[in-house]
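Here's the structure we're looking at; comments come further down.
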Amino acid sequence: MFKNCLIKYKYLILIILLIPFLYVFFIFSPANAGIFKLTQSDTLIYPMEKHFKNMQMLTNGGENAEAYFSFDDSKIIFQSTRPPYSCDQIFIMNTDGSNQHLVSTGKGRTTCSYFYPDGKHILYASTHLGNENCPQKPDFSKGYVWALYKDFDIFKANSDGSDLTKLTNIEGYDAEATISPKGDKIVFTSTRNGDIDLYSMNLDGSDVKQLTNIAGYDGGAYYSYDGKMIVFRASRFQDPAELKEYQNLLSEGLIKPSKLEIYVMNADGSNIRQVTNNGAANFGPYFFPDGKRVIYCSNQDDPKGRDFDLYMINIDGTGNERITFNDTFDGFPMFSLHDGGKKFVFCSNRFNAKEGETNVFICDWIE
């Protein structure tokens with residue numbers, strides 16, 4: 001009887017015996033090596049995110065955003081809402097996520113921090129001189145709006161937060177400041193002339209120059225690696241009714257960020273040209289080291305406008321490619337500076353412990 005069973009089920013037995021060998025062949029074959037890598041060590045990366053490798057989550061909890069490398073790529077500065085603070089404050093950490101510590105005053109609201117080239121000083125915007133409490137959140141009865149708090153000014157400090165020096169002294173919103181990789185200029189956003197425009201200044205706040213003067217919001221600017229160009233987000237209005245709505249909201253210190261396109265220009269404000277043209281909310285652009293492409297955040301593939309992903313595009317508007325495939329939020333991208341962009345940092349809602357939390361992630365960038 002046992003012999004008859006062997007004959008009857010010999011093919012089934014053979015298949016069972018071959019399963020371990022078939023598994024090893026499938027996993028370690030060249031065609032499937034990437035799948036094995038993804039499932040074993042890159043569990044924070046989604047299957048179609050081919051430009052990422054060796055991803056790590058550096059923060060775990062709270063709202064963490066706008067994370068940027070120091071010029072030597074050894075540290076990251078970022079803004080975070082975490083206990084005991086009820087609105088954003090500035091923190092610094094090592095690039096492995098260790099030694100996270102507060103460097104802002106802990107008062108008011110802060111945003112848009114950046115390292116100076118020497119690594120010994122930092123730049124950020126804060127409202128603490130106007131009011132030590134967190135400013136009131138915007139009124140969303142007018143739709144989804146951002147607040148441009150008039151108490152925001154730009155400050156320089158030592159990297160431990162000491163010796164705080166105010167760089168802007170004009171009434172209105174001054175924030176969104178970043179520093180050229182050349183280490184010679186700061187670009188920032190201001191409402192000092194009645195609209196929302198881009199300005200440049202020296203590292204000590206001197207020699208302020210207006211760079212844009214077209215009606216609409218211009219902000220979130222970054223220099224190219226050679227310091228010759230600036231990329232930014234902007235709103236432009238063909239419809240007089242939309243322009244009027246923008247101006248009315250601006251008079252209340254508000255803007256609607258639902259339609260922003262990506263632009264580039266020369267560092268002196270000349271030769272402005274539009275890069276994206278998708279009618280979506282595009283923001284957080286950053287140059288690739290080659291200066292020929294930018295990476296940016298957009299909801300262009302979500303009809304409801306809630307899913308933000310990262311995309312890259314040539315500065316002439318061609319070659320748009322989706323980079324992330326998370327179904328919530330990915331944004332605030334930056335390439336490392338000292339090593340020519342081998343590392344990549346961004347902020348995301350992926351794999352968060354609680355809904356709405358945003359964390360900082362770092363990975364290798366794969367061309």
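The values are calculated or read from the model by the stated rules, or taken from the named source; none is laboratory data. Here the structure is a predicted model, which is why all the values come from computation and not from measurement. Every residue, glycine among them, receives a Cβ derived from its backbone with ideal geometry; neighbour counts consider all protein chains shown.
Miscellaneous remarks
- If you go through the range 81-109 and keep only what is within 15 Å of ASN133 (Cα to Cα) and either among the acidic types (Asp, Glu) or touching a Phe, Trp or Tyr at 6+ places or on another chain (Cβ under 6 Å) (or both), you end up with just ASP88.
- Count of the range 92-107 residues which are within 17 Å of PHE155 (Cβ to Cβ), surrounded by fewer than 23 Cβ atoms within 10 Å (Cβ to Cβ) and not β-branched (Val, Ile, Thr): 3
- Here the strands (runs of 3 or more DSSP E) wholly within the range 175-248 that include at least 1 residues being in the same structural domain as ILE272 (by TED's automatic domain parsing), small (Gly, Ala, Ser) and under 20 Å from TRP146 (Cα atoms) are 186-190, 218-223, 229-234.
- Considering the conditions (1) in a loop (DSSP other than H, G, I, E, B); (2) surrounded by 14 or more Cβ atoms within 10 Å (Cβ to Cβ); (3) not aliphatic (A, V, I, L, M), ASP268 is excluded by exactly one of them, (2).
- Residues of the range 289-303 satisfying the condition of being of a type in the set (Val, Ile, Thr) and touching a Gly at 6+ places or on another chain (Cβ under 9 Å): ILE295
- In the range 315-357, the qualifying residues are those that are surrounded by fewer than 19 Cβ atoms within 10 Å (Cβ to Cβ) and among the β-branched types (Val, Ile, Thr), and the one that is modelled with the lowest pLDDT is THR328.
- Against the numbered list (1) in contact (Cβ under 8 Å) with a residue 60 or more places away in the chain; (2) under 29 Å from PHE71 (Cβ atoms); (3) surrounded by 14 or more Cβ atoms within 10 Å (Cβ to Cβ), GLY219 comes up short only at (1).
- Condition met for GLN274 (modelled with pLDDT under 95 and surrounded by fewer than 16 Cβ atoms within 10 Å (Cβ to Cβ)): no
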